[in-house]
Amino acid sequence: MESLVFFFLAAFAVTTAVLMVLQRSPLVSAIYLIANFFALAALYLLLRAQLLAVLQIVVYTGAIMVLVIFVIMLLNLGDEARIHPRIAIRTWVTLVLAAGFLSEIAYVFSLAGTPAEGTALAGGAESLGTVESMGGALFGKFLLPFEVTSLLLLAAILGAVVLAKKKG
Amino acid sequence: MSPSMSDLTAIAPLLLVAGTALVVVLVDALAKRNRILGPVLTLAGLAAAMTFALPALGDAPASAAFGGMIRTGGFTSFFTLVFCVSGLLSVLLSMSYIETMVPGKGEYYALILLAVSGMILMAAAGDLVVFFLGLELMSLSFYILAGFARGRMTSNEAALKYFLLGAFATGFLLYGIALVYGATGSTALAGFPSRTGGLQQPLLLLAGLALLMIGLMFKVGAVPFHMWVPDVYEGAPTTVSAFMSTGGKAAAFSGFLIIFTPALLITQPALRDVVAAVAAISMVAGNVIAVTQTSVKRMLAYSSIAHAGYILAGVVAANPAGSNGVLFYLMSYTLMNAGAFGVVSLLENPDGSMLTFDECAGLSRRSPLVAALTAVFMFSLAGVPPFAGFFGKYYVFAGTVEAGFTWLAIVGVLMSVVSAYYYLRLVVLMYFNDQPGGQAVAVRPFGLAAVIVAAIALIGFGIFPSILLGLTARCF
């Protein structure tokens, strides 16, 4: 049952991701991305990562995508102009390389095998995704990476100010 | 777990650099008119970080802090030193240079400090999570710094190109980390090679390591992933190019040394062969394309691809001689490449046009000092004996031969001969060509001081290589 749900969600996530790239209207692309985020959140739930699933919806689907759609509407973006590739051969080479990479990864995963259906989860796995254990990990073992993230955000904010501020 | 005092002292250089970044941002906001305070604070912060890194230089066995997230010891300290030197030289070069380009932007120095913090985290990482965050912190700062000259098309192009390709490369790196985690069940780097030995399915691990390698090779600018290098180094403000090509490259190579350790490369010969092939292609392509360049900055960009190849050869060696060679090379490369870009920043037209070889003709008449300094950097980059650049190449190739990769050393030496052509062409033009005219040399005392210090250090380490070797030998 669980693997059935997984494959349904995975197929849904891949389809929406592909559709998002193929769409010419930025707004429709954004909506496909939202659908993709919902599928990812459901996948996190399957992995017993409840908090991550909720955050995925609240932060990405909620806050970030609202911002993206807001910007798209504010800028009144029309459909992307169709780009006619001048060198068709480059597209084909890219496609062949991408297909090669995909089959390599698929081969690696097929060799790695999948755990049998209904394998018991490792001890304590059920509680791994709770707010409590996530918080414990974030402010315990991963305290330094957590703090470093704030530096990363500072650099991003500085960048936005430097590159977007009016001259003067 | 709250961090103990020993945890905090272990990352003292990082705290100093990141703390100074915060102070510089505040100072820039509060004292708008004061142009000198920001760079001076930056220099002080970097110098303080250096002094805090010095005592640990002799500690060979790495110890852990923050529950294994951070590794301290000689290796971390040596790289911290390299990053601080790169930062100090770039800041000195930038003073009054960046002001002519974009007036009143104190954020510049804060971003340099944040980039140095990222580099220190990369070299000190005891866990792939920390390494990734450090890499991103450094890269993000680089993207912004590359586009700092907002009014110039080339600078905008550099920032956008670097950002898009860099984000793509980050995807590979992150996917690699995920696969390595999937294969080994941990992101910790301690005991990494021994943990990989008993795996039943090494293919998943190999795939992860290959993707990690792609991400790192992009960052060092090795050949199949070098497309961004010429455009970014040419388009970015010259002092930023000096910083990116030295500190950034050294940081990415620290990643090579802590992830693709000699022990791992010896147990996984397939990976080793890939690195050897990439090293050879980088040396050939970088040097051959550099020969045809007319812009000095673009020539330096292609030559930096070639140097990435030489240093990768030291990684391939996977023995003490090669690893020491990599560290020695990175320190001397930092000095000579920051110096070379520094000279370009002094000679450049203020209008932003690229410095061509022809404009350097007869420089020895106009400015004997700058011409002599340029000659030092060019000879060192070419690997001519009395300078540190020679010993870097010597140790790297000695390690490569010792490891049985003689063909790689032969390719390296042959390509060094090719590189002598374009490095020395500049020297010949400066000294044996009496064309009148050309751009006047900019008078920037701080920039000139940085270039002079770099040249003296290059000659010093060239005559007494044992000073550096004594340090590098205790890093592993």
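Do you know which residues across region B:389-434 are among the charged types (D, E, K, R) and surrounded by 15 or more Cβ atoms within 10 Å (Cβ to Cβ)? Hits for region B:389-434 are B:K393, B:E402, B:R425. The requirement of being open to solvent by 50 Å² or more (accessible area, probe 1.4 Å) and either modelled with pLDDT under 70 or assigned to a loop (DSSP other than H, G, I, E, B) (or both) is fulfilled somewhere in region A:138-146, by at least one residue.
Taking each residue of region B:164-186 that is free of Cβ contacts under 8 Å to residues at least 40 places away in the same chain and more than 18 Å from B:V130 (Cβ to Cβ) and looking for partners that are open to solvent by 50 Å² or more (accessible area, probe 1.4 Å) and in a helix (DSSP H, G or I) with beta-carbon atoms closer than 8 Å, six or more apart or interchain, yields B:A183/B:P202. There is no residue in region B:237-259 that is more than 25 Å from B:L335 (Cα to Cα), open to solvent by 10 Å² or more (accessible area, probe 1.4 Å) and modelled with pLDDT under 95.
Inside region B:47-94, residues that are open to solvent by 20 Å² or more (accessible area, probe 1.4 Å) and either more than 14 Å from chain A (Cβ to nearest Cβ) or hydroxyl-bearing (S, T, Y) (or both) make up a count of 18. Screening B:L41 on (1) in contact with a Phe, Trp or Tyr (Cβ under 9 Å, 6 or more places away or on another chain); (2) more than 14 Å from every other protein chain (Cβ to nearest Cβ); (3) free of Cβ contacts under 8 Å to residues at least 40 places away in the same chain shows it passes everything except condition (3). Can you confirm whether A:L152 is assigned to a helix (DSSP H, G or I), modelled with pLDDT of 75 or more and within 14 Å of chain B (Cβ to nearest Cβ)? Here the answer is yes, as A:L152 does meet what is asked. Taking residues in region A:135-149 that are at the interface with chain B (Cβ under 7 Å from one of its Cβ atoms), and partners anywhere that are open to solvent by 30 Å² or more (accessible area, probe 1.4 Å) and not in a helix (DSSP H, G or I), the pairs with Cβ atoms closer than 7 Å and at least 6 places apart or on different chains are A:G140/B:M1; A:K141/B:G67; A:L143/B:M1; A:L143/B:P3. In this structure, A:L111 does not satisfy being surrounded by 14 or more Cβ atoms within 10 Å (Cβ to Cβ), in a helix (DSSP H, G or I) and either within 11 Å of chain B (Cβ to nearest Cβ) or at pLDDT below 85 (or both). Summed over region B:455-470, the residues that are assigned to a helix (DSSP H, G or I) and either open to solvent by 50 Å² or more (accessible area, probe 1.4 Å) or more than 10 Å from B:A388 (Cβ to Cβ) (or both) give a count of 8. The selection criterion, being assigned to a helix (DSSP H, G or I), open to solvent by less than 10 Å² (accessible area, probe 1.4 Å) and closer than 25 Å to B:G87 by Cα, does not hold for B:A167.
A count restricted to region A:155-168 and to residues that are at the interface with chain B (Cβ under 7 Å from one of its Cβ atoms) and open to solvent by 40 Å² or more (accessible area, probe 1.4 Å) stands at 3. In summary, A:I72 fulfils each of the numbered conditions (1) touching a Pro at 6+ places or on another chain (Cβ under 7 Å); (2) under 30 Å from A:S127 (Cα atoms) with the single exception of condition (2). Residues of region B:1-28 that are part of a helix (DSSP H, G or I), over 14 Å from B:A53 (Cα atoms) and away from chain A (no Cβ under 11 Å): B:M5, B:S6, B:T20, B:V23, B:L26, B:V27. In this structure, is A:V18 in a helix (DSSP H, G or I), at pLDDT 90 or above and over 30 Å from A:V131 (Cα atoms)? Yes, satisfied.
What number of residues in region B:110-161 are open to solvent by 10 Å² or more (accessible area, probe 1.4 Å) and more than 11 Å from every other protein chain (Cβ to nearest Cβ)? Residues in region B:110-161 being open to solvent by 10 Å² or more (accessible area, probe 1.4 Å) and more than 11 Å from every other protein chain (Cβ to nearest Cβ): 5 in total. Filtering region B:38-46 for residues that are open to solvent by 40 Å² or more (accessible area, probe 1.4 Å) and either part of a loop (DSSP other than H, G, I, E, B) or polar (S, T, N, Q) (or both) leaves an empty set. Against the test of being open to solvent by less than 80 Å² (accessible area, probe 1.4 Å) and within 30 Å of A:L138 (Cβ to Cβ), the options A:A98, A:A88, A:A42 yield a single qualifying residue, A:A42.
The values are calculated or read from the model by the stated rules, or taken from the named source; none is laboratory data. From a predicted model like this one, the values you see are computed outputs, not experimental measurements. Positions of Cβ are backbone-derived with ideal geometry, glycine not excepted, and every protein chain shown enters the neighbour counts. Please note that ligands, DNA and RNA were not included when accessible areas were found on the heavy atoms of the full protein model with its side chains. Shrake-Rupley method; radii C 1.70, N 1.55, O 1.52, S 1.80 Å.
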